[in-house]
Structure formats: C-alpha cells, structure tokens
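So the structure is just underneath, and the comments pick up after that.
The values are calculated or read from the model by the stated rules, or taken from the named source; none is laboratory data. Bear in mind that the values here come from a model prediction, so they are computed numbers and not experimental data. Neighbour counts are summed over all protein chains in view; Cβ atoms, including those assigned to glycine, are modelled from backbone coordinates with ideal geometry.
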Amino acid sequence: MLRAAQDAAAKDGMRAAVHAYMDAVDALVVEKRIAQAQSVMIDLLKAQEKKKGLFARTDKNPLGPDRVIVGLKFAVISHIAPPTEEALDQLGYLALDFPDETTIRRANADALRQSGYAADAIDEYRYCAVASPDDADAHQRIADLYVGIGRPDDAAGYLIRALQLYGRHGDYGQLAGHAESLLELRPASLGDLIELLSTAPGEALIGRVNMLDELAHRVTHAAILDSDQKAKARDQLQVLYERLLLVDAGNEDALHALARLKADAAPVEQAQRKPEPAAPKAPEPAVEPVATKTLEPAAVPVAQAQPLPEPTAPKAVEPAAPTAPESGAVETVRRQPAATNALAAYTRRKAKELFDAGDFQGAVMCYERLLRTGPDIETLEGALACYIGMARLQEAARVGVELVNEKADAGDLEGALATVDQIVSVAPDANFAERRMELLVALGRPEVVGR
C-alpha cells in the first residue's frame, strides 16, 4: 500500500495522495511497524515544494489544508511508541502550526513528559486542561509533574481537581489509585477524600484494602478531623468495606479491617454521641432516691459515732467507680503503638509492591517515610536498592553508611562487608576503603587487608 501511495504522489502530487498515504500508515500500524509509520508521516509533514510567489519562488508544504489531517494522525500514532527526538520535534512544530488542535497539543504534552521536559509538558497540559476542563487525566499529570519539580502545593490543587473529575465520571479505579498521593501532598484533605470515595462501588475497591486501611488509620489516629467528622468518616469507611465484601466475600483482610474499625471507636467519641439524650434522664430517676436514702442513714452514724468504719467503706468505693474509664483510656493509649506498627507494615508492603513493579521513585518515598521514625536494616536495604536503581549514587552512599553501621551493630559483619562491596561496585569513588579494612580486621582476615 505504501508503494501505491508513493506512485499516486509521483503521478498526481502529494496532496492528491494523502488518503492513500493514511491507508498505508494504518496498514503499517496493524503490522506493528510503528517506527516506519511515523517516518512516513514525518516525511509528509516535512515535505517541501517550490511554489511561485509574487516576487520569487518559495518552499511550501504541498499538503495545504490536508496537512492537519496528517498532523492529527501523527498525534494519535505518537502514543503507541516512546517518542524519538525527530517525533518530538515534529510534534512541537505541529503544536505551533495548529495551536487550537487539542489532540496535537495533548500528544505534544505526553511526548514532552515522557522525554523529561517537565516545565514544557506542564505548559502544554495546562492548555489542554483549559480547553477540556473535564479531562481528569490532564489535571492528574500536571500534579505528577509538579511533584517531580518540587512544587507540592501546586500539585495538590491539580490532584484534587483530578480526583473530583474521576468521581464525577464514575472512574473510581483511578480515584482510588491516586488517593494516597493526595494524603501525602495534603493530609488535611482526609475528610474530603473519603467523601469522594464514599459512592464507590465494591468492584472499584477490589485490591484497595491497603488504601482503605490507611484512611481508617488516619481517621483514628491523626489529629485532622473533629469528633463529628471522625464519626462521619468512620461510617463512610464501614460502608466501603461492606461494599467490598459484597463482591469479594472471602477477603479476610477486609473482614478483619471492618471488625477493627467497628471496635476501635474512641471513648471520647462515644461519650459525645450519648450525653445529650442520656444526661437529662440520669438525674431525674436516680438522684432523688439515692439522695434520700444515703443522707438519712449516713447522717445519723456520722453525727453520733464517728469511729465506726462501716460508713467510710462505701465512700471509698464510690470514687473507685470512675477508674473504669481511666483504665479504658490506658488501653486506648496501649493500642497506638500497634496501630503505628500496622501502618509501618502497610507502608513497607506498599514500598515492596512499587519496587517490584519498577516504580523506584514511589518505593523510595515510602522507605524515606519509614526512615523518619528511625533506621532499620530492612528499610535501609530497600532505600539503597531504590537509589541504586535510579542511579542516585550520592544518596545510595549516604544510606549505605547507615546500613553498614546498622548491620555491624547487629553483629552481621559479613552483611556489612557485602553492603560496602555493593556500594563500591556501583559508585567506585565512594570512600569506604577504611571502613572495609576495619570490617576485614574484625572478621579476622588481616591477610586480605595486607593484599
């Protein structure tokens, strides 16, 4: 088909052969010859021919108004494969030539993002977001790019808008998938996020138990919501767990999380829900009979015979009654470390999933969050692997020093030595020579040191 298009162009001109070329491009795409298809369209878009002008002959593209047809086709196909430098240049030219074509501008934004041109990609996506205000993906990608260049406040605004649009469109999979990113950027949006998720069907929550657990943990332990907001958020999360269990009844993690959420209501919240109906009823029936009965027998023995021990015994018991809520408060405090450990386990599990999926940036953010509460060998090993995977060798060396020290302190000298060798293998300039000799001596291998 490509040969037929070329023959038609030679006979009648390129403009007359545009549709034949487009059919040839479709055939190349079906055959998965994407690079050749792009090359054919780039040749069309860059083609020049001499046109006689008023004063001289000038070079012009022979496609005329049909050039936009080729440009739109090129924009669509550019998403199939990673952009080459030539394809990136051509999309830039098309965006300048056809600034109102959102398809071309969006393809240009995607190509810039994939090629690492964050600032230029943000400009293109912002145009797309204005031209198509319901495009949730455009807002979400702007948020990702702002995070990448260190502007979290700007990122949070666009991410909130993206999540609102995902919810409006019923795309709860995307909404749930990006929910945790909003918690990282703007923790105070916890209540709003749960509100957005509150209408999600159970099918959209399959595989999202960890995310729901994170929300439940923050509702219970983070000082973000007031008591009324906590009660509402807790009820909404219970409904979400129940919907998930309707479509995934064997999900033991969800069953345990739902039971924990129901049992973990804070005593303060329970007290604030009950006092208004209970307070007026308690004094009326209970106070008058107790007052008349205790005053008459108690007043007589206290006035006449103070040495008697019997009246003092009930008075000692009465103050002991309020100690029940105090013991309950102690139990609540004791639960907090367990909840923190659960959150750490969740974060570590999420980090491993991201690492296994090749998302080193997402994984290292989780490991760094864990390291803020103190170093441990497993977390340091995960962070080191991420930094090496991203070729961030200075940070790898910094974390490596901590990991070597932790292993040495734990008595794992062989492991510490292996970590030193691992770092030196990827960062030969790292200054670990002295530490390595110390470890070899401690292991009783001075002959190796002598070499």
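Here are a few things to note about the model shown:
- So Met365, is it touching a residue at least 60 places away in the same chain (Cβ under 8 Å) and of a type outside the set (Ser, Thr, Tyr): yes
- If you go through region 79-114 and keep only what is touching a residue at least 40 places away in the same chain (Cβ under 8 Å), surrounded by fewer than 21 Cβ atoms within 10 Å (Cβ to Cβ) and closer than 15 Å to Ala35 by Cβ, you end up with Ile80, Ala81, Thr84, Glu86.
- When the residues of region 140-167 are filtered to those that are in contact with a Phe, Trp or Tyr (Cβ under 7 Å, 6 or more places away or on another chain) and among the charged types (D, E, K, R), the one that is nearest to Glu124 (Cα to Cα) is Arg141.
- Glu402 vs. criteria in contact with a Pro (Cβ under 7 Å, 6 or more places away or on another chain) and assigned to a helix (DSSP H, G or I): yes
- Qualifying residue in region 168-183 (condition: in contact with a His (Cβ under 6 Å, 6 or more places away or on another chain) and either crowded, with 20+ Cβ neighbours inside 10 Å or touching a residue at least 40 places away in the same chain (Cβ under 8 Å) (or both)): no
- Taken over region 2-19, the residue count meeting the criterion of being surrounded by fewer than 19 Cβ atoms within 10 Å (Cβ to Cβ) and without any contact (Cβ under 8 Å) to a residue 40 or more places away in the chain is 11.
- If the condition is being surrounded by 14 or more Cβ atoms within 10 Å (Cβ to Cβ), out of contact with any Leu (no Cβ under 8 Å at 6 or more places or on another chain) and over 17 Å from Gly382 (Cα atoms), then region 392-436 contributes Asp412, Val424, Phe432, Arg435.
- When Tyr158, Tyr117 are screened for being aromatic (Phe, Trp, Tyr), out of contact with any Lys or Arg (no Cβ under 8 Å at 6 or more places or on another chain) and surrounded by fewer than 19 Cβ atoms within 10 Å (Cβ to Cβ), only Tyr117 passes.
- Set side by side, the residues Leu244, Leu225, Leu261 differ, and just one is surrounded by 17 or more Cβ atoms within 10 Å (Cβ to Cβ), modelled with pLDDT under 90 and aliphatic (A, V, I, L, M), which is Leu261.
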